[in-house]
Amino acid sequence: MNMTIRPKEAWDMLQDAGIIISMEKLKQGIRHGVWSWADYIAAEDENQKEVYIIYRIPFHRWLTARSPYVKPLAEEAPPAPGMRSC
């Protein structure tokens, strides 16, 4: 599993969770450091692209805390009954 996700994937997950926000507002929040689960690297000139780094696990935890429609990640879910963790 990748440790980071792209803004489009994060935006899709927000929509699925019932948190309606535009892609531009998501990116704006990342640029302004609103969310602890993302970082932003500005382009140094017009030939470069902006970089949005969204950390999968912290983002998913944040989303899970705010939406009843989001289930915990498999890595964080308690073991199934009868199963022991290693």
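With respect to residue 28, determine if the residue is over 25 Å from residue 71 (Cβ atoms) and in a helix (DSSP H, G or I). Yes: the conditions hold for residue 28. Screening residue 22 with (1) loosely packed, with under 11 Cβ neighbours inside 10 Å; (2) more than 19 Å from residue 70 (Cβ to Cβ); (3) within 14 Å of the chain's Cα centre (by Cα); (4) of a type outside the set (A, V, I, L, M) gives one miss only, at (3).
Across the stretch 31-59, which residue is farthest from the chain's Cα centre (by Cα) among those that are of a type in the set (D, E, K, R) and either in a strand (DSSP E or B) or surrounded by 12 or more Cβ atoms within 10 Å (Cβ to Cβ) (or both)? Spell out how you get there, then give the answer.
As a first pass, look at the stretch 31-59 and keep what is of a type in the set (D, E, K, R): 31, 39, 44-46, 49-50, 56.
Subset that is either in a strand (DSSP E or B) or surrounded by 12 or more Cβ atoms within 10 Å (Cβ to Cβ) (or both): 31, 39, 50, 56.
Details: 31: 14, 39: 11, 50: 17, 56: 5 Å.
That would be 50.
Given the structure, is residue 68 touching a residue at least 40 places away in the same chain (Cβ under 8 Å) and either surrounded by 13 or more Cβ atoms within 10 Å (Cβ to Cβ) or not polar (S, T, N, Q) (or both)? Here the answer is no, as residue 68 does not meet what is asked.
No lab work stands behind these numbers, since they all come straight from the coordinates. For clarity, every value in this text was computed on a predicted model and none was experimentally measured. Positions of Cβ are backbone-derived with ideal geometry, glycine not excepted, and every protein chain shown enters the neighbour counts.
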